[in-house]
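The values are calculated or read from the model by the stated rules, or taken from the named source; none is laboratory data. Just so we're clear, the structure is a prediction, and the values are computed from it rather than from any experiment. Because the Cβ atoms are built from the backbone with ideal geometry, glycine has one as well, and the counts that use them run over all protein chains shown. All accessible areas refer to the heavy atoms of the entire protein, side chains included, with ligands and DNA or RNA removed. Shrake-Rupley method; radii C 1.70, N 1.55, O 1.52, S 1.80 Å.
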Amino acid sequence: MTLVLTGILSLFATYLGLRFTVWAYTLGFSPVMAWVALFTCVLLQGFGYYLISFFPIRHRLLSILTWITQILFGLFMCLLLFTVAVDLITVLLRFFLNDEQETKMEGIAFFFVIGATALAGIIGLIQARLIGPRIYRVDVALNGLPSAFDGFKIAQISDLHIGPTIGLRYVRSVVNKVNSLLADVVILTGDIIDGPAAQL
């Protein structure tokens, strides 16, 4: 599975590398660093899956390495999504632009992708680490539901990913939020831990 994911990431990195090469020549800088950075990110992702087997789950070095790989992966995916979006828009605009305008547009596209990726990364970190999970309230109307279940409250939690980067303090904050809801049932629906349960 890891090899498949690494292969897919490599294809994405190749696409981004080719795109950054065009931007590099348009803006007059070397594309070598972009290629190195992209494939370093891919290699770290592939290697990251094996880190848990080398260290205890709450080892400080593992935590640092996991932070690095996860942040890089997040930035990598933002780069990919924003680049694809810019390319789709660029394809449409090329019908209306001359060569000089196209060159300017490439520069604008590059700085937009870099800026949007940086902004998304900052917002993501703030949301994940400072704000924490949000509570969404959804009313579900069911025909024929017995009156005894009127107002029945279910708290559903997923994707906590307790492990090298998510520890006791974060989990306690989630538990406190859930307990404050006074739910009748609490349901955990997957991706609760990253790592061996015995260590966690």
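Quick notes on this one:
- Flag: residue 103 does not match the condition of being part of a loop (DSSP other than H, G, I, E, B), touching a helix residue (DSSP H, G or I) at 6+ places or on another chain (Cβ under 7 Å), among the hydroxyl-bearing types (Ser, Thr, Tyr) and surrounded by 12 or more Cβ atoms within 10 Å (Cβ to Cβ).
- Some residue of the range 63-76 being open to solvent by 70 Å² or more (accessible area, probe 1.4 Å), part of a helix (DSSP H, G or I) and over 22 Å from residue 12 (Cβ atoms): yes
- Some residue of the range 79-100 being of a type in the set (Gly, Ala, Ser) and surrounded by 16 or more Cβ atoms within 10 Å (Cβ to Cβ): no
- Condition met for residue 162 (among the hydrophobic types (A, V, I, L, M, F, W, C), modelled with pLDDT of 90 or more and within 30 Å of residue 54 (Cβ to Cβ)): no
- Residue within the range 165-176 that is surrounded by 13 or more Cβ atoms within 10 Å (Cβ to Cβ), out of contact with any strand residue (DSSP E or B) (no Cβ under 8 Å at 6 or more places or on another chain), assigned to a helix (DSSP H, G or I) and basic (Lys, Arg) present: no
- Residues satisfying the stated conditions in the range 106-117, i.e. without any contact (Cβ under 8 Å) to a residue 40 or more places away in the chain and either open to solvent by 30 Å² or more (accessible area, probe 1.4 Å) or touching a Leu at 6+ places or on another chain (Cβ under 6 Å) (or both): 108, 111, 112, 114, 115
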